[in-house]
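Student: Please find one structure pasted underneath; my questions will follow.
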Amino acid sequence: MTKEEQEYARVIHSSGNDLLHLINDILDLSKVEAGKLDIHVGEMNVSELPDILRSQFAKVAEQQNLTFSIVRDSQVPDIFYTDEQRLSQIIKNLLSNAFKFTHEGSVQVNLSMCSEEQIREFLPLAKHRQVLVLSVKDTGIGISPEKQQLIFEPFRQADGTTNRKYGGTGLGLSISRELARLLGGRVIMQSKEGVGSTFTLYVPSMEHVFNETESIQKEAAAASSPMISDFLLRDAYKKAADPAERNNFSGRKVLVVDDDVRNVFALSNAFEKEGILVSVAHNGQECLEIMKKDQDIDLILMDIMMPVMDGYEAMRMIRKDTRFEKVPIIALTAKAMKQDRDICLQAGASDYISKPLNLSQLLSLMRVWLTK
């Protein structure tokens, strides 16, 4: 290619990457706000973190003629229990911002452990737990006091506006704050205009969550199928040890309407352990056909987003038939908007529960409607 063509290709590639990052940021923020972003706690090797950060940002520092240093306190353990992917995402966001707004001087990362006094001040709910402190300090433009809270809002820039003077989307800090909350921590900022900024992340150890997850995974490994989710297995086994709970559902007929075979398999397996007689439909049309043949259905679990006929239409059709006016219908949906519950109830649902499902909550809800 000619130099001109190479430049066009470079611009297209750069624009594509920018768009991809924007889409990923928006998706992450949407998932967090909807409560749909999963946290996977594991062992994070903190001893490797300095080398990883150097490999990612040393070249950036060199190009901008900035000093980049990482200091790890001797009290910081080699292994820390958290979601490594999400913690790394926060650190990268903070460092990217630091380099973006620093034109001369330095960017420094400090790793230490939180004192008891700091825990009481910044994370009182994390008492009796280890808390990792990670700070990113720069000698950049700094932020005036009146604008320091604004920059945590989506699409805001360092000047407190939506103008893209320094590039980027303005989503990094907003996402970092929400991710920190998901990890049980928080992000605090100290800044002085024209001097620089320090962003400090406090994140507690989630070793107890890791240990509980390990226990659940061992239960899942003992099951016959890897398709059943961990929470379904755990709750299903607990209930199946309990004859009193089992008798509440024994012999009851439940129709599961869902086009996702994984959900159908998991629910069917768990329900059968409860003594429930399970029928399955993969869309609203199949649901109506099954109900014409079997009018003794005690309860329906209705997914919303399905091909052929969705859950809304299926529920409306069911309620038009006087034979099924009082059959309990629990709507299952991954949608998380506030108005979804009202829409489901207007369409004919008796109740509503959002995905991902918690089997214990679902069974409790089913028990309520089956005893009415």
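Student: I need the phi-derived Karplus couplings for region 359-365: 6.51 cos²θ - 1.76 cosθ + 1.60, θ = phi - 60°, integer Hz, Gly and Pro marked x.
Tutor: Taking θ as phi minus 60°, the curve returns 4, 4, 5, 4, 5, 5, 5 Hz for region 359-365.
Student: So if we plug the beta-carbon distance of ARG72 and ARG323 into 1/(1 + (r/R0)^6) with R0 = 51 Å, what FRET efficiency do we get, rounded to 0.05?
Tutor: So, using R0 = 51 Å, E works out to roughly 0.15.
Student: Between SER106 and ASN45, what is the FRET efficiency for a Förster distance of 22 Å, r being their Cβ-Cβ separation, to the nearest 0.05?
Tutor: 0.25
Student: Next question. What is the set of long-range amide H partners of SER106 at a cut-off below 5 Å, with H atoms built 1.01 Å from backbone N?
Tutor: The list, which skips near neighbours in sequence, is THR67, THR139.
Student: Residues with amide H under 5 Å of TYR352's amide H, sequence separation 5 or more or different chain, H placed in the peptide plane at 1.01 Å from N; which?
Tutor: Amide H neighbours of TYR352, under 5 Å, 5+ apart: ALA331.
Student: Per-residue HN-Hα couplings for region 290-303, Karplus 6.51 cos²θ - 1.76 cosθ + 1.60 at θ = phi - 60°, whole Hz, x for Gly and Pro?
Tutor: 5, 5, 5, 7, 10, 8, 9, 5, 8, 7, 10, 9, 10, 5
Student: Give the residue from ILE143, LEU66, ILE119 lying farthest towards the positive end of the charge dipole for region 33-148; charges sit on Cβ (+1 for Lys and Arg, -1 for Asp and Glu) and the dipole is referred to the Cα centre.
Tutor: Most positive-ward Cα: ILE143.
Student: Give the calculated FRET efficiency between SER96 and HIS128 to the nearest 0.05, with a Förster radius of 56 Å applied to their Cβ-Cβ distance.
Tutor: 0.95
The numbers here are math on the coordinates, done by the rules we state, and not lab data. Keep in mind the model is a prediction, meaning the values are calculated, not measured. Counting neighbours? That spans all protein chains shown, and the Cβs are built from the backbone with ideal geometry, glycine included.
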